[in-house]
Amino acid sequence: MVSATELRQFLKEVSDPEIPVLTIIDLGVVQEIYLQEQTWIIELTPTYSGCPAMQQIEVDILAKLQEKGIANAKVKHILSPAWTTDWITEEGRQKLRLYGIAPPVNEPDKSALFSEPPRVACPKCNSKDTRMVSLFGSTACKAHYQCNECQEPFDYFKCLK
Amino acid sequence: MQESALFEYVLRLSDDSLILGQRLGEWCGHGPILEEDIALTNISLDLIGQAISLYDFAAELEGKGRNHDQLAYLRYENEYKNVLLVEQPNGDFAMTILRQFFFDAFRLPLYEALMQSPVAQLAAIAAKSVKETRYHLKHTSEWVIRMGDGTEESHQRAQAAIDHLWRFTNELFYEDANDHTLQAEQKVPTMAHIQTQWMATVTSVLQEATLEIPKNNWKFDGGREGRHSEHMGYLLSDLQYMQRAYPNMEW
């Protein structure tokens with residue numbers, strides 16, 4: 001009989017379909033894992049409501065567990081508590097940087113109009129002299145930046161709290 | 001009875017999100033600049049995502065075994081309860097942004113209030129969606145100010161959009177016996193409360209944008225009762241095409 005801890009360990013082999021360097025554990029989208037009437041329940045919380053990766057993640061989780069010989073598993077999508085970028089692990093942040101995506105930084109109040117965009121270090125050259133090109137990026141969770149120093153255009157994983 | 005009032009309430013929220021998400025999706029590949037093309041479709045994706053959560057909850061309340069796809073794609077026009085504002089055509093960029101701004105300024109205080117609802121699933125959806133909506137409102141508010149306080153042409157286009165869309169804004173605060181039932185149980189906020197906050201946001205942004213609230217206060221409604229503008233039929237024929245042509249197809 002496997003334990004919830006072992007199961008969580010297995011899920012470290014499931015990567016995020018949009019950002020394949022991150023595992024779903026790094027991303028912090030896996031919540032409680034527990035046994036309910038002979039079935040393993042894996043709670044999954046979306047990063048953004050419309051994140052199209054969620055269905056794929058569910059399929060990948062079940063396939064991975066199947067591969068490990070666990071057939072009695074179900075993914076439960078939950079919304080509360082709402083996911084926050086604080087749940088991305090330190091290891092996950094490091095992987096993002098190496099992949100060329102700037103990890104989330106603590107941002108001041110985002111609702112203020114024309115507020116100074118967050119100061120994000122360039123994942124390539126580490127310069128702080130960067131600028132936001134667009135509030136919206138290639139996926140719902142990212143904004144688009146460019147480095148003024150090395151000119152590298154890059155994605156910034158937006159802080160969500 | 002209680003469940004059916006809540007079903008109707010959640011369905012209205014879902015339909016607003018879905019129909020506006022569909023409209024924004026029409027901009028895909030047609031945005032005035034690449035960044036804005038991406039922004040509009042990102043907002044669309046958030047709205048459709050919120051619609052999925054809301055339809056799932058509505059389906060559960062209804063208890064007839066329908067799923068979110070059936071609610072989204074397999075109803076007749078008069079069964080959609082979205083406000084007329086969200087089904088209005090995209091028009092030019094100013095029209096799209098003003099429509100979105102009026103909607104975001106309404107949705108944000110509504111979600112903030114619904115986060116306090118004792119209906120747990122509704123509060124959870126609101127808590128999830130409020131963060132996304134705050135981001136949308138910032139984006140649209142900034143555009144309204146840039147356009148209104150921009151060039152002569154951008155100002156004129158933004159004002160024309162306001163003059164055209166204003167007649168649809170009052171319906172955002174529509175209430176009927178259904179809402180009153182839920183309000184009496186303190187499950188949802190009163191619309192007067194939301195309208196006050198909406199008006200404060202709209203007034204301050206338009207003022208900074210040097211744009212004016214129209215004097216003409218002609219009000220249109222009907223969407224909440226399933227009576228839609230001519231545009232809705234065309235929108236639905238696009239939206240529903242795949243499910244009508246290939247029933248029960250899955251992506």
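Regarding B:Ala105, is this residue within 11 Å of chain A (Cβ to nearest Cβ) and of a type in the set (A, V, I, L, M, F, W, C)? Judged against the criteria, B:Ala105 is not a match. Taking residues in segment B:210-228 that are within 14 Å of B:Glu87 (Cβ to Cβ), and partners anywhere that are part of a loop (DSSP other than H, G, I, E, B) and polar (S, T, N, Q), the pairs with Cβ atoms closer than 7 Å and at least 6 places apart or on different chains are B:Gly223/B:Asn82.
Quick check on my filter: what residues within segment B:200-231 are in a helix (DSSP H, G or I) and either basic (Lys, Arg) or closer than 24 Å to B:Asp15 by Cβ (or both)? Let's see the steps before the verdict.
Residues of segment B:200-231 that are in a helix (DSSP H, G or I), as a first pass: B:200-208, B:223-225, B:230-231.
B:Thr201, B:Val202, B:Gly223, B:Arg224, B:Glu225, B:Glu230, B:His231, listed by residue number.
Scanning segment B:23-54 for residues that are buried (at least 17 other Cβ atoms within 10 Å of the Cβ), part of a helix (DSSP H, G or I) and of a type in the set (A, V, I, L, M, F, W, C) turns up B:Leu24, B:Ile38, B:Ala39, B:Leu40, B:Ile43, B:Leu45, B:Leu47, B:Ile48, B:Ala51, B:Ile52, B:Leu54. Within the set B:Gln116, B:Gln70, B:Gln88, B:Gln156, the sole residue that is within 14 Å of chain A (Cβ to nearest Cβ) and among the polar types (S, T, N, Q) turns out to be B:Gln116.
B:Gln183 meets the stated requirement of being within 30 Å of B:Glu77 (Cβ to Cβ) and either more than 16 Å from the chain's Cα centre (by Cα) or among the basic types (Lys, Arg) (or both).
For segment B:121-138, check the following and say yes or no: at least one residue is aromatic (Phe, Trp, Tyr) and more than 9 Å from every other protein chain (Cβ to nearest Cβ). No: segment B:121-138 contains no residue that is aromatic (Phe, Trp, Tyr) and more than 9 Å from every other protein chain (Cβ to nearest Cβ).
Tell me which residues, restricted to segment A:101-119, are under 18 Å from the mean Cα position of the chain (by Cα) and either part of a loop (DSSP other than H, G, I, E, B) or acidic (Asp, Glu) (or both). Lay out the reasoning, then the answer.
If we filter segment A:101-119 for residues that are under 18 Å from the mean Cα position of the chain (by Cα), which is where we start, we get A:101-107.
Of everything in segment A:101-119, those that are under 18 Å from the mean Cα position of the chain (by Cα) and either part of a loop (DSSP other than H, G, I, E, B) or acidic (Asp, Glu) (or both) turn out to be A:Pro103, A:Pro104, A:Val105, A:Asn106, A:Glu107.
Is one or more of the residues making up segment B:234-246 hydroxyl-bearing (Ser, Thr, Tyr) and loosely packed, with under 11 Cβ neighbours inside 10 Å? Show your work before the answer.
Going residue by residue through segment B:234-246, those that are hydroxyl-bearing (Ser, Thr, Tyr) are B:234, B:237, B:241, B:246.
Okay, now just the ones that are also loosely packed, with under 11 Cβ neighbours inside 10 Å, so B:246.
Within segment B:234-246, one or more residues are hydroxyl-bearing (Ser, Thr, Tyr) and loosely packed, with under 11 Cβ neighbours inside 10 Å.
Scanning segment A:132-161 for residues that are more than 25 Å from B:Leu108 (Cα to Cα) and away from chain B (no Cβ under 13 Å), we see that the one that is surrounded by the fewest Cβ atoms within 10 Å (Cβ to Cβ) is A:Gln151. Taking helices (runs of 4 or more DSSP H) as the structural unit, those lying wholly within segment B:67-131 and holding at least 3 residues that are closer than 30 Å to B:His155 by Cα correspond to B:84-87, B:93-114.
For residues that are part of a strand (DSSP E or B) and in contact with an Asp or Glu (Cβ under 7 Å, 6 or more places away or on another chain), tally how many sit in segment A:1-15. Working first, answer last.
Filtering segment A:1-15 down to residues part of a strand (DSSP E or B) leaves A:15.
Applying the additional criterion that residues be in contact with an Asp or Glu (Cβ under 7 Å, 6 or more places away or on another chain) yields none.
So the answer is 0.
For segment A:60-90, a residue qualifies if it is in a helix (DSSP H, G or I), more than 12 Å from chain B (Cβ to nearest Cβ), surrounded by 13 or more Cβ atoms within 10 Å (Cβ to Cβ) and of a type outside the set (Phe, Trp, Tyr), and the qualifying residues are A:Asp60, A:Ile61, A:Leu62, A:Lys64, A:Leu65. Of everything listed in (1) of a type in the set (D, E, K, R); (2) within 14 Å of chain B (Cβ to nearest Cβ); (3) without any contact (Cβ under 8 Å) to a residue 60 or more places away in the chain, the single unmet condition for A:Lys12 is (2). Taking segment A:16-55 as the range and being part of a strand (DSSP E or B), touching a residue at least 12 places away in the same chain (Cβ under 8 Å), surrounded by fewer than 21 Cβ atoms within 10 Å (Cβ to Cβ) and under 17 Å from the mean Cα position of the chain (by Cα) as the test, the residues that pass are A:Thr23, A:Gln31, A:Glu43, A:Leu44.
With respect to the conditions (1) touching a Phe, Trp or Tyr at 6+ places or on another chain (Cβ under 9 Å); (2) within 13 Å of another protein chain (Cβ to nearest Cβ); (3) under 15 Å from B:Leu6 (Cα atoms), B:Ser53 lacks only one, and its number is (1).
Each reported figure results from applying straightforward, stated rules to the coordinates on display, with no laboratory input. Everything quoted here is computed from the prediction, not taken from an experiment. Note: ideal-geometry Cβ built from the backbone for every residue, glycine included; neighbour counts use all protein chains shown.
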